[in-house]
Structures are given as structure tokens and as C-alpha cells.
Amino acid sequence: MFILAALALGLLLPVSGTSGEVLDVVTKVAIFVLFFGYGARMSAAESLAGLKNWKLHAAILGTTFVIYPLIAVPMLWLPEWLASEPIRVGLIFLCLVPSTVQSSITFTSLAGGNVASAMVSATASNVLGVIFTPLLVMLMIPDAGGGSIGFSQIWDVVLQLLLPFFLGQLSRFVTAGFMERHKARLRYLDQGIICLIVYGAFSDLRVSGVWRELQLRDLLTVVVIVAALLAFMFWLTWALGGWFGFPRGDRIALLFCGTKKSLATGVPMASVLFSGPVVSVLVLPLMLYHQAQLIVSSILAGRLRNHSPEGPAGQG
């Protein structure tokens, strides 16, 4: 809801000129703070319990960084009459971003799944995504975003995302206690930073006039493809868990970790990898997917918990 409010505010009350330049600097600092916080919050000790379940981790990471990108390949040839260039690139980018952490773990827990393994896989997906997503973007859509994506953009990712993340990890001997005590409040900071990034992106969009180039067919294409992608991946991840002989808890973890796409990681990454106001159009498919995955996951988590062999009360 707050993200949608930031989107609307960016379109209704955009900033430009000196104010826009100040916002760009503030946004870059905020992204640094966001990923520093991600690193400072990640406890290696908490993750050790789930490290042994390597088959599940391989399945989740394979879904995120192999199956989704393979699904994106046909989108490279979406005709112009079906989707404009920024929307086509946005749909591909959606398939290349890593999984979420918080919602993956939350829905796995609500459904009675393997929470420890979900935490390890979702965290690993985010860490690896800082490396894999830019490389996949460079491989699949090198000329997107109004310029050629190469190693300079990869270096920007290292400086703006990877560096603060590892600095956060190194700071844990000082910051771990603070992060744990203020975990709930820090979530609001994370959400505020994401809203700031979204506001800046859509403010640029309004000032540039790119928004007027979007047509109804673009929005319809995004809705149809996002709905089909989400439905297919929920079916596929649940089926893969059965084919691999995973126990119910692991199948649930694969279902919720393997189908998620992170807005919190994807939006900052898009602002680093792509240039100009086109970024706000590129993240539209990801934003819609994010909202849809939360709605569908909440429904599925309740049904899985209610139909578990132990019953609703037996999942602790």
C-alpha cells in the first residue's frame, strides 16, 4: 500500500532541477544504507541449521536463476504491437531478480513448512542475486535502458549493493545486538527506503513524459503475463517438490521461496543497472508481480496449513 502511495505521489508531485539532483544523491545513500542493513541483519549462526539440506537449496536457487530466466527467453521476441520496449525489458528483468527473504520465510512458516531451510535459501538467493542478476541482465538484455550494460554497471552494483552488504556483515560484532532489538522498527526503515526509490523513479517518469508513451496494451500484456507466470510457477514448484520426493515441509519451502521475486532488491538494482526515467516503467511488471505473489501466497499458506496432516494446531 505504501509503495502504491509513493508511486502516486511521484506522478502527482514530481521533483526536478536541483531538487531532483538532491533526491538522486539521497536515493543512492539510502540504497547503501538498505544493503548495509541487509548484511548487518544476516546471522550466519542462525543459518547453519538449514545448510545441510542442499537438495532443497539447489532446487530453489535453480528455480530462481535457471528456470525463470529460461522462461524469459521467449519474451526477448515479444512483438512491438504486444508490448513496448520498456515493458518487454521489464518483464524479462522480473524473471532475473532474486527471491524475497522476509515473505518467503513468513509464508513458509504460516503454511507449516521448513523455516530453517527457507531462511538459508532465501538469504542465499538475495546474496547471489547481487552477482547473478546483473550478469543475467548483461547476457540477456545488454542494450536495455537507453545504453549498453557492461562491466561498468556491474562495478556500480559492487559499490552500491555488494560493498555495503559485506560492510554490514563485518559490522555484526558491533551492530548485531542493535539490529535484533530494533528488528521491527528497521523494517519500517527498509519500507521507507523502497518507497523513496519508487517515488524517485516515478517522479523522473512524470518529468520526462515517458509515462505518456505507455498504452493500454502494455498494461494488459503485463497483467496477463504476470498472472500466467505466477500460476505456472506455483504449479511447477509444487510439482517439482513431489517429483524430487521432498517431504511436505520442504515442498512448502520450495513453493514459497521458488516463486518469490524481491521488490526490495529488484528496485534498487534496476536503478543501478538502468539509466533514466525508463527505470520506472521497467519495474512496473515487478511491482505488479510482487503484489500478486503476496495475495496468492497468503491464500495458499492458509489452505496448506488447514490441510496439513497434523492439522492447523499441530504446526506450532
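Just so you know, all these numbers are worked out from the coordinates, no wet-lab data involved. Given the structure is predicted, the values throughout are model-derived calculations rather than measurements. Quick reminder, even Gly has a Cβ in these numbers, built from the backbone with ideal geometry, and neighbours come from all protein chains shown.
What are the ³J(HN,Hα) couplings of segment 66-71, residue after residue, when phi is run through the Karplus curve with 6.51, -1.76, 1.60 and θ = phi - 60°? Round to Hz, x for glycine and proline.
10, 5, 4, x, 5, 5
Tabulate in residue order the Karplus-calculated ³J(HN,Hα) for segment 28-34, using 6.51 cos²θ - 1.76 cosθ + 1.60 with θ = phi - 60°, rounded to whole Hz; enter x for Gly and Pro.
These are the phi-based 3J(HN,Hα) values: 5, 5, 5, 4, 4, 4, 4 Hz.
Per-residue HN-Hα couplings for segment 257-264, Karplus 6.51 cos²θ - 1.76 cosθ + 1.60 at θ = phi - 60°, whole Hz, x for Gly and Pro?
Couplings: 7, x, 9, 7, 10, 8, 6, 5 Hz.
Springs between alpha-carbon pairs under 10 angstrom, Gaussian network model over the chain: which of 54, 238, 81 fluctuates most?
Greatest mean-square fluctuation among the candidates belongs to 81.
How long, wide and thick is segment 170-298, going by the Cα atoms along their three principal axes, in whole angstroms, largest first?
Largest to smallest, the principal-axis extents are 52, 46, 24 Å.
Run lengths n ≥ 4 of DSSP H only: what is the helix-derived mean residue ellipticity at 222 nm for the chain, with -39500 (n - 2.57) per run over all residues, to the nearest 500? Write out the running numbers ahead of the final one.
On the way: 17 runs with 230 residues, N = 316.
Using -39500 (n - 2.57) per qualifying helix, the result is -23500 deg cm²/dmol.
Test of understanding: ordering 95, 195, 257 by Cβ neighbours within 10 Å, fewest first, what list do you get?
On the way: 95 24, 195 20, 257 34.
Least crowded to most crowded, the residues run 195, 95, 257.
Could you tell me how far the Cα centroid of segment 89-104 sits from the Cα centroid of segment 230-286, in Å?
The distance from the Cα centre of segment 230-286 to that of segment 89-104 comes to 5 Å.
With a 10 Å cut-off between alpha carbons and a GNM built on the chain, which of 128, 273, 34 moves the most?
128
Would you pull out the residues with amide H under 5 Å of residue 275's amide H, same chain only if 5 or more places away, H placed 1.01 Å from N?
Here nothing satisfies the definition.
Consider just the alpha-carbon atoms of the chain and return their Rg together with their Dmax, both in angstrom.
Rg then Dmax for the chain, in Å: 19.2, 61.
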